[in-house]
Amino acid sequence: MKTVFVKYLSICLCFPFHSPRMASGSQEKLYGPSLLNFFIYNPKFGPREGEVRWLFSHMFEGSVSWHNSIAIFLFPPHRTFCPTKPAKSLHTQKNRQFFFEPEEHFWMVMVVKNPMIERPSKGGKPDLEYQEEEIFFALLHSQLFNGRFSKAMDEGGVALLRERLEKFFYRYLQALHLGSCDLLDVFGGISFFPLDKMTYLKIQSFVNQMEQSLNLVKYTAFLYNDQLIWSGLEQDDMRILYKYLTTSLFPRHSEPELAGRDSPMRPEMSGNLLHYGRFLTGPTNLKDPEAKFRFPKIYVNTENGYEELHLIVYKAMSAAVCFMINATAELTREFCEQLDNLVGPRLTLLASDICEHHNINRRTPGLEKEPHFKFIYFNHMNLAEKSTIHMRKTASVSLTSVHPDLMKILGDINSDFSRVDDDEEIIVKTMTDYWVVGKKSDQRELYVILNQKNANLIEVNDLCASQILAG
Amino acid sequence: MAADVHNSKVNWDIQNESLAPIDKLRIERSDSPTPGIVEGTEPGAAQEKAMFVHTQSFEDLTAETRDTVDGDQEVESCDLTKLSNDLSQLSTHLLGQEEEQGEAEEKGEDQKVEMFDESLASVTSQDSSPCGREDICDITSDAWRNQRKHVFVLSEAGKPIYSRYGTEEALSSTMGVMMALVSFVEADKNMIKSIHGDGYKVVFLRKSPLVLVSVARTRQSEQELSRELCYIYYQIVSLLTITQLNQIFERKQNYDLRRLLAGSEHLNDNLLKQLDRDPGFLLSAVTCVPLAVSTRDIITSSLQAAKAKNLVFSILLAGNQLVSLVRKKDQYLHPMDLHLLLNLVGSSSSFREGEGWTPICLPKFNPSGFFHAHISYLDSSSDLCLILISTSREDFFCLSDCKHRFLERLWRRNAFQNLLEALQTPTYPVDLVGIPELRHFVYKSKSSGLYTSPELPPTYLVDEEQERLMGLYQYLHGRIHNSRNPLRYIYHCGQRENLLAWVTSGFEMYLCFSPLGTKVLAMNTVTKLLKWIRKEEDRLFILSPQTY
Amino acid sequence: MSGQRVDAKVVMLGKEYVGKTSLVERYVHNRFLVGPYQNTIGAAFVAKPIHVGEKIVTLGIWDTAGSERYEAMSRIYYRGAKAAIVCYDLTDSSSFQRAKFWVKELQNCEEHCKIYLCGTKSDLVEDDRSMRKVDFHDVQDYADEIKAQLFETSSKSGHNVDELFQKVAEDYDQLYSFQQMTEEKGVDLCQKKNSTFYACCHH
């Protein structure tokens, strides 16, 4: 019964730790943005006799009263100015409220506390300065959500919907780290694993074989190192699945894996010493007689509506494969054992193959030394993203090699781009003498950060041009 | 240096302290200005002390944030019962619509239309002063909804004070909802800033006892829109003073301020129009009539000579351009105050009738007191307008005499004729600079607070195109002066034009090239343009501002 | 150049939009501006020399703003005025109520100021009698009571405008001709301290 409302709420924000005017601030405390409240609301089940009935609500700080989110009532008046387009966000000095209507009449409201600086003041009362401009947000559309809320309503009324929302969002919100969101979250792209042709063919044939042997499997996706290599899903569905895998499912399982990386021994799962394969969804231990063979359900788009699928995620070392099976099929112990025996050894082998090739490639000279520029690339057509800015990016950690102020500028440029459809190019020089270049052309966006104090506009341009040619 | 430029501290105490840069010994003005140019030596920099208070972009906004946070903490928890009353009122008001809306969205709209129709009917039955904008007056029409930028002013009791389009009466329920929204958020010791939707922004500016709201479909940032609202706020203060404004609402919370502001709507209308078109408002600067230095010197010395005991500023304008300005020693005018004066003169024909005499508050100088301005045109056919500002309300005849002394001197020295001739060509074409593909530019010297800009090329002469170009400048300005993340330099390549913005400690410039302009050209243009401005600076700028 | 020598200070008073400025425009510049209504800001001053028999009397006319905003300032405009033209709109009864307010104000503060009641926009009333909201006889009675003169004018057609100001100048001349003759010069208004202008009006 565990329905996964695959998270689509892709949230992104970033904030600089050092703004120019607090350079000296050793006594200043900085608070990052944090999620205060989250509501799901349908005006049809709206306030009755002064009481607001949320379909789902979660408060992270008890002190925040619900009427903080009162703006939800105010959609109609704002339609005075724009009858067709409701508000998307409300900004106040202390927080921001974001509104998102994934489905007709269903509204999600998120209240986020603005980042702020606390500096000691003479009077003893801390002087709070709210840094409003720091948060930027993108709530994107989810095809995966379509019909979900209303379908649940049809099936079991408000009570069922509430139950499901409760189940999904409770965990989802706990795992949400607003402080580490940045431009990559705005794109919500997919990072592809760079691979030589031979290895790629190997993977393709692996996928084909698996789909043949396990004929229940409808779609397959293959990932390595949290990067996508092969997917049979539609792009938009894959994007959301990818987000779910990389920000939620994989991180949850990463710790035991890290602990046991170099030894095949997993004491809790003794028995199978032939491979490292294991289920990330479904049964944790096949040998356990009590094991339940339930997998999360996801919804993907089809030409006429959507279909419901079981999601099996199976992982060996750094390679992960997702099998999606029609939800009407019953998944038994036998099927899982068959899958484990079949996929486990081959995936283990494949994973070490990829690892080897990857390491060879990495050792090629020239790529070792630090380049004098860093970039983020995103292609709206195939959702491919690439970043040399991020050293590590998970839901909770965004470790970038550049100053957060620069990340904020990238975000600004991106929001400038999104306001017009035309191709544009923006080159800026920051107060700290970095050059930042943003280029939008033919559905692709490229952001380059150059650390060349004394370069002029033409040199910067040339550098970028050579980069684009190389890339 | 860099941090200096964007320092957000504002000094209100102008009388006692000068904000102008320290007198610099200027041995020679360098011939080829370099990028690292220092404030006070850039082309157009004043030789003596500047005549304006030094300003920072968004100074009001950054200063205000601090004020309100401080104030906010002092205010103890508000009356909760009142709030919950407000809330239930509001939700019943809205719920009615929402229930309908559940079935069909249009139905909710219809209902609103009806509601507004009633109030509209009551408006039209009154004989209000001619509106002259019938179709956009109807707030149910698409024409009204699709305006690029709406501006509303309301009192804390939710009473309408001003609306850019449509009559305030018809909007009273909309304004009531806006005020409810403001007070909801404030009940939580918070302050509402803006609402963002697809393609539009609603920005709130809280300036007790007023609330100002802008609903814009432009590309402008929240910061830029707040700055515009700030101008409207100061426009209102300049008519009433902050003291009077506060007193009125202390005495009677639901006072209808329109009684006192009657007839001033066109001041706000005109100001908003200027904000959309005049780069000076964006840059906190004014532009000068290009004038031979000898002619300007005669005018300035004549103004200097025509002094009086209580006279603080003598300002000679030609339309929206400055001819000369003489000030009392140690008194500086804020560019914003001068903009309000420009707006006062520009939006009223009343000063052509005779010699005008009016109390006026210059809010950036002192928001709580009135100056008295003698405003008159030098002759009936030209745009030359003289503003003499005095501290005494009894000074009319004295200033009238100053004006005549000034005029006599001009005649005696043949400067008047020269001035009139110069006014035949109050602008210059961009071709004069001699850079192909350069369509337009705006250059501001920071130390003098003056800017220069050529006339608009044919491409931008249509209203929409002019506002689009200004929109691009506004966008660059907003980005480069972003209070959190200021930039030095922006080069922007678009489909219809390429733009360059550059801010140093001495100047800021915004250049507009045709899409054929290359980056190499842009680079070379900057140097060439700075040289040209240096060459022309004594014609385009006032290099030696004077005191009495 | 006008404005330096003024014999008689004349102040225009009345509710906003009654047409004070149009009246002055018609009289001084002999024109009637059509276009959107522009309210007066503060006050406007014009000096107009006028023939009274052989002599020339210069009227210094203060056209004040009708807006409530400037009410507090109005005192400086009517102080020392020899004549006040209190205007009301013949098509707006509330403007006549406002006119009565100004009359009271003048009676209290400037007892030597002669009052002229002026009903404006008479052309509108002529075109359509139903437009008239202020009865002529009522005002005539009121005028008699306060010892004021009554005119009904049209700035659009120019009807009765010159007559009004001519009357103001003649009355002034009659009343002050003795003083006029004894004084060599007009009043230098800039030198406030020894100004005979102020001297004579405070008595």
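The values are calculated or read from the model by the stated rules, or taken from the named source; none is laboratory data. Since the structure is predicted, the reported quantities are computational estimates derived from the model, not experimental observations. Neighbour counts run over all protein chains shown; Cβ positions are idealised from the backbone, glycine included. Heads up: the accessible areas ignore ligands, DNA and RNA and are worked out on the full protein's heavy atoms, side chains in. Shrake-Rupley method; radii C 1.70, N 1.55, O 1.52, S 1.80 Å.
General remarks:
- Between A:Q227 and A:L342, the FRET efficiency from the beta-carbon distance, with R0 = 35 Å, is close to 0.90.
- Protein accessible area in region B:305-370, 1.4 Å probe - carbon and sulfur %: 51
- Each Lys and Arg Cβ is given +1 and each Asp and Glu Cβ -1; about its Cα centre, region C:8-197 then shows a dipole of about 640 debye.
- For the residue pairs B:K444/B:K519; C:K15/C:K133; C:K9/C:K100; A:K113/A:K429, the alpha carbons lie more than 19 Å apart in B:K444/B:K519; C:K9/C:K100; A:K113/A:K429.
- Size descriptor for region C:8-197, Kirkwood hydrodynamic radius: 17.0 Å (Cα pairs only, one decimal).
- Cβ neighbours within 10 Å from other chains - mean over A:407-415: 2
- Considering only B:T459, B:G517, B:S448, the residue lying farthest towards the positive end of the dipole of region B:399-518 is B:S448, judged by Cα position with unit charges set on Cβ.
- Each label point was placed 7 Å from the Cα along the Cα-to-Cβ direction; for A:E308 and B:K528 their separation is 7.0 nm.
- Surface per residue (accessible, 1.4 Å probe) for region B:162-313, Å²: 27
- Burial annotation for region B:166-212: residues with an accessible-area loss of at least 50 Å² between the isolated chain and the complete set of protein chains, computed on heavy atoms with a 1.4 Å probe, are B:L181, B:D188, B:N190, B:K193, B:I195, B:H196, B:D198, B:Y200.
- Solvent-accessible area per residue, Å², over region C:8-197 with all protein chains present [probe radius 1.4 Å]: 48
- Inter-chain Cβ neighbour average for residues C:124-134, partner chain, 10 Å: 0
- Buried surface for the B/C pair, taken as the accessible area of each chain alone minus that of the pair with a 1.4 Å probe, is close to 3100 Å² in total.
- For region C:97-164, size of Cβ-based charge dipole, Lys and Arg +1, Asp and Glu -1, in debye: 240
- Note: region B:302-394, Cα convex hull, 98 Å³ per residue.
- Protein accessible area in region C:8-197, 1.4 Å probe - carbon and sulfur %: 48
- Per residue solvent-accessible surface (Å²) - region B:316-373, probe of 1.4 Å: 20
- C-alpha long axis of helix C:93-109 to longest principal axis of chain C, angle in °: 20
- Taken across both chains, chains B and A shield about 6500 Å² of accessible surface from a 1.4 Å probe.
- Label-reachable residues, region C:123-141, where backbone N falls under 13 Å from a point 7 Å from C:S157's Cα toward its Cβ: C:123-129
- Counting Cβ atoms of other protein chains within 10 Å of each residue's Cβ and taking the mean over peptide B:478-488 gives 6.
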